[in-house]
Amino acid sequence: MKPARTKTPRKLVVKKGSQTSLKDPVGVYCRVRPLSFPDQECCIEVINNTTVQLHTPEGYKLNRNGDYKETQYSFKQVFGTHTTQKELFDVVANPLVDDVIRGKNGLLFTYGVTGSGKTHTMTGSPGEGGLLPRCLDMIFNSIGSFQAKRYVFKSNDRNSMDIQCEVDALLERQKREAMPNPKTPSSKRQVDPEFADMINVQEFCKAEEVDEDSVYGVFVSYIEIYNNYIYDLLEEMPFDPIKPKWNSCSTPMRNTDFVPPQSKLLREDKNHNMYVAGCTEVEVKSTEEAFEVFWRGQKKRRIANTHLNRESSRSHSVFNIKLVQAPLDADGDNVLQEKEQITISQLSLVDLAGSERTNRTKAEGNRLREAGNINQSLMTLRTCMEVLRENQMYGTNKMVPYRDSKLTHLFKNYFDGEGKVRMIVCVNPKAEDYEESLQVMRFAEVTQEVEVARPVDKAICGLTPGRRYRNHPRAGPVGDELLVTEVVLQSFPPLPSCEILDINDEQTLPRLIEALEKRHQLRQMMIDEFNKQSITFKAMLQEFDNGVLNKENYIQGKLNEKEKVISGQKLELERLEKKNKTLEYKIEILEKTTTIYEEDKRTLQQELETQNQKLQRQFSDKRRLEARLQGMVTETTMKWEKECERRVAAKQLEMQNKLWVKDEKLKQLKAIVTEPKTEKPERPSRDRDREKAPQRAVSPPPVPNVPPLRLRHRRSRSAGDRWVDHKPASNVQTETVMQPHVPHAITVSVANEKALAKCEKYMLTHQELASDGEIETKLIKGDVYKTRGGGQSVQFTDIETLKQESPTGRKRRSSTVAPTQPDGAESEWTDVETRCSVAVEMRAGSQLGPGYQHHAQPKRKKP
């Protein structure tokens, strides 16, 4: 049975910017420039080599009521006011140049407000070169002896390079040298004294590792981004004298001026890298040539005089140094003519225009438009950094707005993992720039949290290293072989003279034969010795081969064991990956379930809070209702207690009156029986009777010859409306003169829905016994309203009271004729005393208490 063939493991393809690649944060450095005047107020202080502190100026404390605090910001490294350009270059730019020589890309840009020293940091000043000339000097010091001849590498319009043979390169050189104004600068020309001091770098700097088996070429380009348009600063536009040229002020331009260059477009090459289409790339062979090209473009860069800076950059400038590397062929003589083996690395040095506030620069017209475009592009850069940080920190996948600005669109590949990114934050410590410096520090703080994928190392061509010097004679093993041959020849005995002058000479030939025999013997001895040494050496080689073979077998066994271990680890890794995926799936399900439960929990908590609030309201309403009912019960109890006391007192008085009447009758009867007289009996005085009982006022005699009164009905005040006259069946008919009379009224003994539905007014006739024993009639009136339930409700509005009293304040009573008083005054007793009807009208809310309300419910229908 054949062993099962194992499947070749698939090679993992690491995508650009993938999660598996290592990432490094953007290196952000801070450089503090010196103050222009020693007596200026300073708002920035260097705490240590990684921290700066911002102090709020005194003016801001007065204006802002002292709300600002001292703030500290950390950087990868802070360079103070006494830092030299060499120290800054060694820390920031040296590693980038070393990576460029190794085939990796790099981006270095300066950021800060206007007048903070960005251009000085990048370009430098006479006697103190900046980062740009020092980078060029380090590159040419490293590849100086390995540079290819001019025009061996030739750039095309697709952001790549072509290789030419030596003959084509020679023809190209002769053709360019024959041109009257060659575009490529010559290394034989004298350096322009205007920038000679800038490139005169005293310190020698060189990369540590340079591939000696490759040839190199350096190409530079220089562009600017002005008002969000890209312009080539190295493009030469021929002037046409026939067609007049006009500038932005609609005035003819001078003949000595060049036509402004046309804006360039951004393209994407086959490797998805962004580049400027049609940009001029110049091949340079020395630092002087490269800086001469830069200085030629620098003169075309747009600068202007503003209120804050005499030479303020009005555009973003980008100086690209492109290093082309190609391996030598197997013989080490010529460049390998394979385009796929070319390695192109690029270092972009960006001098950003300063962010500025127009109310400070006093910008107007074109300067105002330029400031707006500068601030907009810097704001887009900041937005891109914030989105990148958010995507990396929180795992989101928001689209980064690279295309909103040409600046961010051009360098999007660097933030996607095409090279290292370094930023130098330049700040001016003067107090007037406090707010701008604060914004710069916040942007730097955000940028430090952005991570960029590490660039992948270049592939090895596979040719034998050291082939450049293989075919060149050097003092080494070859010289030693020649020396050994000379020593061997000198060890042989010298040959005697071979000249034969006489025919009979018999000594010369024998001496020659003897010398040759000695040489032959010596040669034979040397051959034997050589054979012995060869055999010994062969034995040693055989022993060495055996040892090497044993070591190879041992190493092969170890490799097999390691491969088995690796296979087992791969299987274990696959099992763990599957388990990891399963656990991730379960975790995802649990997270979703947890989310659902949390939502249900929040919903139930909200419902519980709502119910608790509802219960609290109900409990509060209940307590208020209990308090209200308690008050009503107390009030009703007191009212009925008073009513009961009043009724008991009235009943007692009534019984006393009845007992008094009976006593009077008994006395009168006794007087009639014992002393019969023809005279009218005199009513006994109450004063005598009240010796035992309380005295009562004597009723006056009836008014003589009073004509009979005609009964007159009292008209209700609201007789115009239709009324319900509710007279309970228990009411007693009174004999008062004034009686209520309501025309067109519906008289009922019990209130009902039918009667209330037809009327607008309601009157209840209520009778009760007064405290003096008389019947008191109350007419309780109200308005009829319809309710939502379909019934009617009555709202009482006022009360009219009809009460009968004696004019002298005596209570009415019936008695027989009393005998004549002893003092001669006559009093006449009648059965019915004179009555006087008094009508008293009372409003709701009087002493009778609150108004009454009656609700008539609709009748329930029979099922």
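Within the stretch 85-113, how many residues are of a type in the set (S, T, N, Q) and closer than 16 Å to Cys30 by Cα? Selection size over the stretch 85-113: 2. Scanning the stretch 415-426 for residues that are open to solvent by 20 Å² or more (accessible area, probe 1.4 Å) and in contact with a Gly (Cβ under 8 Å, 6 or more places away or on another chain) turns up Asp416, Lys420, Arg422.
Results for (1) open to solvent by 90 Å² or more (accessible area, probe 1.4 Å); (2) within 60 Å of the chain's Cα centre (by Cα), shown as yes or no for each residue.
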position	(1), (2)
Leu583	no, yes
Arg628	yes, yes
Gln656	yes, no
Trp660	no, no
Ile672	yes, no
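Taking the conditions (1) modelled with pLDDT of 85 or more; (2) surrounded by fewer than 18 Cβ atoms within 10 Å (Cβ to Cβ); (3) over 17 Å from Arg722 (Cβ atoms) in turn, Thr797 satisfies each one other than (3).
For first residues located in the stretch 757-776 and more than 19 Å from Gln656 (Cβ to Cβ), partners that are surrounded by fewer than 14 Cβ atoms within 10 Å (Cβ to Cβ) and among the β-branched types (Val, Ile, Thr) and lie 6+ apart or on another chain with Cβ distances below 8 Å form the pairs Gln767/Val732. Just to be sure before I move on: is Val737 over 60 Å from the mean Cα position of the chain (by Cα), hydrophobic (A, V, I, L, M, F, W, C) and either on the phi > 0 side of the Ramachandran plot or open to solvent by 40 Å² or more (accessible area, probe 1.4 Å) (or both) in the structure I sent? For Val737, the condition - over 60 Å from the mean Cα position of the chain (by Cα), hydrophobic (A, V, I, L, M, F, W, C) and either on the phi > 0 side of the Ramachandran plot or open to solvent by 40 Å² or more (accessible area, probe 1.4 Å) (or both) - is met.
Of the residues making up the stretch 427-435, at least one is of a type in the set (A, V, I, L, M, F, W, C), touching a residue at least 24 places away in the same chain (Cβ under 8 Å) and crowded, with 23+ Cβ neighbours inside 10 Å.
Residues of the stretch 363-414 that are more than 23 Å from Glu449 (Cβ to Cβ), of a type in the set (A, V, I, L, M) and surrounded by 19 or more Cβ atoms within 10 Å (Cβ to Cβ): Ala363, Ala371, Ile374.
Pairs meeting the criteria (first residue in the stretch 721-747 and modelled with pLDDT of 85 or more, second residue acidic (Asp, Glu) and surrounded by 15 or more Cβ atoms within 10 Å (Cβ to Cβ), beta carbons under 9 Å, at least 6 apart or on different chains) are Ala745/Asp725; Ile746/Asp725; Thr747/Asp725. Taken as a whole, the structure places Leu463 among residues that are in a loop (DSSP other than H, G, I, E, B), surrounded by fewer than 22 Cβ atoms within 10 Å (Cβ to Cβ) and in contact with a Leu (Cβ under 9 Å, 6 or more places away or on another chain). Of the helices (runs of 4 or more DSSP H) lying entirely inside the stretch 39-134, the ones with 3 or more residues being open to solvent by less than 60 Å² (accessible area, probe 1.4 Å) and under 20 Å from Phe443 (Cα atoms) are found at 118-122.
Considering the stretch 325-439, the qualifying helices (runs of 4 or more DSSP H), each wholly inside and each with 3 or more residues that are modelled with pLDDT under 90, run over 358-361, 366-394.
The values are calculated or read from the model by the stated rules, or taken from the named source; none is laboratory data. Predicted, not measured: the structure shown is a model, and the values here were computed from it. Neighbour counts are summed over all protein chains in view; Cβ atoms, including those assigned to glycine, are modelled from backbone coordinates with ideal geometry. The area values use the complete protein model at the heavy-atom level, side chains included, leaving out ligands, DNA and RNA. Shrake-Rupley method; radii C 1.70, N 1.55, O 1.52, S 1.80 Å.
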